[in-house]
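The values are calculated or read from the model by the stated rules, or taken from the named source; none is laboratory data. Quick caveat: nothing in here was measured; it's all calculated off a predicted structure. So basically every Cβ, Gly included, is an ideal-geometry build from the backbone, and we count neighbours across all protein chains shown.
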Amino acid sequence: MKQKKFLLTGLLTFAIASQTFAGSKIQIIHNAADPAAAVVDVYLGPALIIDDFAFRTATAFLDVPSGVPLVVSIAPSTSTSVLDAIADFTYTLDDGEIYVAVANGVLNPATFATNPDGEATAFNILVTSGLSLTAGDPGNVDFVVLHGATDAPSVSVYARGVAQLIPSATYTDFTSYISVPAASYIVDVTPAGAVIPVVAAYTADLSSLAGGTAVILASGFLDPAANMDGEAFALIAVLTDGTVITLPSAATATLQVIHNSADPAAEVVDIYVEEVLTVDNFVFRTATGTITIPSGVPVSIGVAPGTSMGAADILANFDITFADNQNYVAVANGVLNPATFAANPDGISTAFTLFSADNIRLVADDASKVEFIAVHGASDAPTVDVRVGGTPLVDDASYGDITGYIAVDPDTYILDVTTADGATTVASYSAPLDGLAGGTAVVFASGFLNPAVNNDGPTFGLFAALVDGTVVQFSTFVGVNDNISLIGLSAYPNPTTNTLILTNGNNTNYQASMMNMNGQLVKSFNVASGGNTINVTDLSAGMYTILVSDGKSSYQTKVSIIK
């Protein structure tokens, strides 16, 4: 049976044995997230000083001998003596010094995720000195921080909206004392040197700790599934009396950024957040995935040339305050010098800006649908409709407008971009939304209707940005301002019942698509030189559209199937 001994008895026995009564103070914290070490026994020399020491618990500051080697041993919670120890550590403490010792790491690193910075994660006792039991300023709280999460990379820590607290800390790093007024803070943990993404956010209410000190530890695993299902990442605060407080999670927001500025001078840009380079060489018609960002405080987003060397090169800054637990999209749009580009037909400013929308969905509300918002981002385009089979999906959208969510079945559609009255089709596109059930997207009009009067910028097109940052270009069926029928193509009989004959008097094979009146793709086929016979017995009665394209111009006709 395990021999229970009181801490003071053990320390006194050890002090007498070493024939010294000089002393120092030490606080011991259990921060080893290995499930096999969830509860341990701690020995000082042969004496059991902490019985059944649990993960994320701590002692108060203890008086211990100094000037002599002290052997600290860690044993399983079932130990009966120091002979059962699984690890021994020897320390000689300085007289009058105050220490903290943190049990950290994992017993068998080979069975856990490696540290991203290559740091050793084997079980160890991490010790630092220079601790204090009171703050230097009675109105402040003084604390040191230990990066104690084995699978976490180097990080920075910010007091949201206040200041950077830690520029960079790698696993096993202790900071020096940080002194802040006794108040409540939101603490954001980010990759080292970055402001976003926020890896984790916590509320640290220090308002009742004026004049006191604490040790704050990064604890647990970022990815428990890759670490024997150990405890998840958290920040814990250990007070001088051994009280351990797990800091509650704080709210954040998410942001996706889309580069849709068609100005050739802005083809590649750098994005800065709070004057820190965050997205390097951001290319036109690309998007980020969703990025976790601070909420509740103004966040400065700066755009600079792709050749920027620092924040001094920022061309435009936008201060945005994001709401808690909200999802956003921001679309970089417009031109740097509107005087050198075509004016918007509706008189809307085309200066470089960010179009933003909140209430963005990361998954569809209806798992059987594809849900998307549409952004009119073509600076020289007038107010338009987007129609499917003649029915408007987007009605009267002007430059800069962002629609609400539109839900459709996962399928391939032909989207007709028309003038607001629906009389003229500007362009038609195939939108392959099949396979995206339950997903969401941002569909954006991009480029110039008339590149020749817009510094030869990119031509008009429709694109979709998915939540993960993938950007899909919708293929053109009818080119912009180009609706010339291909000579030698026809379809008959019309109406038909079972078969449809397509003639092709050209010495060229063409790709054809057949859409129902809802704009859904029902057949795809080649139109060979000389023509094809297409079996339509599997199609329901109704009106269908056949589209044939050679990549430059298109043939479009409607046929009726009767039963």
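Annotations for the structure displayed:
- Check on Asp416, crowded, with 21+ Cβ neighbours inside 10 Å, in a strand (DSSP E or B) and more than 26 Å from the chain's Cα centre (by Cα): yes
- Test for Asp241: is it more than 21 Å from the chain's Cα centre (by Cα), modelled with pLDDT of 95 or more and surrounded by fewer than 21 Cβ atoms within 10 Å (Cβ to Cβ): yes
- Asp324 surrounded by fewer than 16 Cβ atoms within 10 Å (Cβ to Cβ), more than 22 Å from Thr286 (Cα to Cα) and in contact with a Pro (Cβ under 7 Å, 6 or more places away or on another chain): no
- Complete set of residues in region 137-165 that are assigned to a strand (DSSP E or B) and either outside the structural domain of Ser184 (by TED's automatic domain parsing) or farther than 20 Å from Tyr185 by Cβ (or both): none
- Which numbered condition Ala87 misses (of (1) under 46 Å from the mean Cα position of the chain (by Cα); (2) at pLDDT 95 or above): (2)
- Hey, Ala420 free of Cβ contacts under 8 Å to residues at least 40 places away in the same chain, closer than 25 Å to Gly334 by Cβ and either among the hydrophobic types (A, V, I, L, M, F, W, C) or not assigned by TED's automatic domain parsing to the domain that holds Asn317 (or both) or not: yes
- Residues being part of a strand (DSSP E or B), under 18 Å from Asn115 (Cβ atoms), in contact (Cβ under 8 Å) with a residue 24 or more places away in the chain and not hydroxyl-bearing (Ser, Thr, Tyr) - total across region 166-186: 2
- For region 206-249, a tally of residues being of a type in the set (A, V, I, L, M) and at positive phi returns 1.
- Summed over region 419-453, the residues that are surrounded by fewer than 23 Cβ atoms within 10 Å (Cβ to Cβ), among the aliphatic types (A, V, I, L, M), closer than 14 Å to Val394 by Cβ and at pLDDT 85 or above give a count of 1.
- Scanning region 499-545 for residues being within 23 Å of Gly389 (Cα to Cα) and either assigned to a loop (DSSP other than H, G, I, E, B) or polar (S, T, N, Q) (or both) gives a total of 18.
- Members of region 371-406 found to be assigned to a loop (DSSP other than H, G, I, E, B) and surrounded by fewer than 20 Cβ atoms within 10 Å (Cβ to Cβ), listed by number: Pro382, Thr383, Gly389, Gly390, Ser398, Gly400, Asp401, Thr403, Gly404, Tyr405
- Condition check for Leu93: touching a Phe, Trp or Tyr at 6+ places or on another chain (Cβ under 9 Å), in the same structural domain as Ile216 (by TED's automatic domain parsing) and farther than 28 Å from Phe221 by Cβ: yes
- Verdict on Gly161 being closer than 27 Å to Ile291 by Cα, at pLDDT 95 or above, surrounded by fewer than 18 Cβ atoms within 10 Å (Cβ to Cβ) and out of contact with any strand residue (DSSP E or B) (no Cβ under 7 Å at 6 or more places or on another chain): no
- The residue that is farthest from the chain's Cα centre (by Cα), among those in region 50-74 that are modelled with pLDDT under 95, part of a loop (DSSP other than H, G, I, E, B) and not aliphatic (A, V, I, L, M), is Gly67.
- Check on Val106, outside the structural domain of Ser295 (by TED's automatic domain parsing), free of Cβ contacts under 8 Å to residues at least 60 places away in the same chain and either in contact with a Lys or Arg (Cβ under 9 Å, 6 or more places away or on another chain) or crowded, with 18+ Cβ neighbours inside 10 Å (or both): no
- Qualifying residue in region 430-451 (condition: under 30 Å from Thr292 (Cβ atoms) and among the polar types (S, T, N, Q)): yes
- Subset of region 51-98 that is surrounded by fewer than 20 Cβ atoms within 10 Å (Cβ to Cβ) and among the small types (Gly, Ala, Ser) - its residue that is farthest from Thr213 (Cα to Cα): Ser81
- Total residues in region 31-49, condition part of a strand (DSSP E or B), crowded, with 20+ Cβ neighbours inside 10 Å and in contact with a His (Cβ under 9 Å, 6 or more places away or on another chain): 2
- Qualifying positions in region 125-162 - farther than 22 Å from His30 by Cα and within 22 Å of the chain's Cα centre (by Cα): Ser156, Val157, Tyr158, Ala159, Arg160, Gly161
- The condition (being loosely packed, with under 15 Cβ neighbours inside 10 Å, of a type in the set (A, V, I, L, M) and out of contact with any helix residue (DSSP H, G or I) (no Cβ under 6 Å at 6 or more places or on another chain)) is satisfied by just one residue among Ala312, Ala287: Ala312.
- One residue alone among Gly230, Gly302 is free of Cβ contacts under 8 Å to residues at least 40 places away in the same chain, touching a Phe, Trp or Tyr at 6+ places or on another chain (Cβ under 7 Å) and surrounded by 21 or more Cβ atoms within 10 Å (Cβ to Cβ), and that residue is Gly302.
- Which listed residue is in contact (Cβ under 8 Å) with a residue 24 or more places away in the chain and more than 29 Å from the chain's Cα centre (by Cα), from Gly211, Gly193: Gly211
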